[in-house]
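Worksheet for the structure shown next.
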Amino acid sequence: MTYTFWLFLSKHARTLSAAVYSCIGICLICAGYWGTKSMFMLPQIKGADTAAKTKKAALLIAMRDVEDQKLVRADPVPSPNAQTVQLMEAEVENFAHEENCKVAQFSAMPAPTPYASHFGGGGDGYVMYSIKLTLNGNLSNVLYALQKLSDGPVPFEFGTINMTPIQSVDKNTVNQVSANIEIDPVAKQGASK
């Protein structure tokens, strides 16, 4: 006696072919739907890709400029006094305002410490203040504010720059970041505080 799988019996052939054709039909409908949808989404995807490449290029340029400013400048260094930190705070506020950013935090060590570069070595006769600040705003605006700050009258070294995206449901606040920054302004030692 030979056994035949029940599905291959002639009485089930019609049911099997109907099921196969139904599955093929559903697959074709899904493929047509997703193909059409992706065809209409293609310009948006290309636009987003172009915008991302543009922003990435701008970010790389700004990061290179920030890296160039890490070196200690040969500009005249101000004397350490209460005005050094106040001047730095005023610069940060001014440049942040010019670039539509918000200073969420600004804190400084109350007393200067002997200067020691982040890149090795020290500078006899110089002191530095440790300042921590947080800038919130559009990514490119925050980077431009940092670039303006590095071109300001008070020389400093960047300690760290840590940027975190800010989650928002508002479409007008895309690319918002919170930048936690540590900088060390440098001043001449020996003046009154």
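The values are calculated or read from the model by the stated rules, or taken from the named source; none is laboratory data. These numbers come from a predicted model, not from an experiment. Cβ sites come from the backbone with ideal geometry, for glycine too, and all protein chains shown count toward neighbours.
Pick out, from segment 120-193, the strands (runs of 3 or more DSSP E) lying fully within it that include 1 or more residues that are modelled with pLDDT of 80 or more and closer than 15 Å to Phe106 by Cα. Here the list reads 131-138, 156-165, 176-188.
Taking Val20 as the residue in question, decide whether it is of a type in the set (Val, Ile, Thr) and modelled with pLDDT under 80. Here the answer is no, as Val20 does not meet what is asked. Only one of the numbered conditions (1) of a type in the set (A, V, I, L, M, F, W, C); (2) buried (at least 20 other Cβ atoms within 10 Å of the Cβ); (3) modelled with pLDDT of 80 or more is violated by Ala90, and that is (2). Kindly establish whether Thr84 is at pLDDT 80 or above and either assigned to a helix (DSSP H, G or I) or farther than 30 Å from Leu139 by Cα (or both). The answer is no for Thr84. Taking first residues from segment 97-118 that are at pLDDT 80 or above and partners that are assigned to a loop (DSSP other than H, G, I, E, B) and crowded, with 17+ Cβ neighbours inside 10 Å, the Cβ contacts under 6 Å between residues at least 6 apart in sequence or on separate chains come to Ala108/Tyr129; Met109/Tyr129; Pro112/Pro80; Pro112/Tyr129. The set of residues in segment 131-167 that are without any contact (Cβ under 8 Å) to a residue 40 or more places away in the chain and not hydrophobic (A, V, I, L, M, F, W, C) comprises Asn138, Thr160, Asn162, Thr164, Pro165, Gln167.
Sub-9 Å Cβ pairs linking a first residue in segment 53-66 that is within 18 Å of Asn162 (Cα to Cα) and of a type in the set (Asp, Glu) to a second residue that is in a helix (DSSP H, G or I) and modelled with pLDDT of 80 or more, at least 6 apart or interchain, are Asp65/Leu143; Asp65/Leu146; Asp65/Gln147; Asp65/Ser150, ordered by first then second residue.
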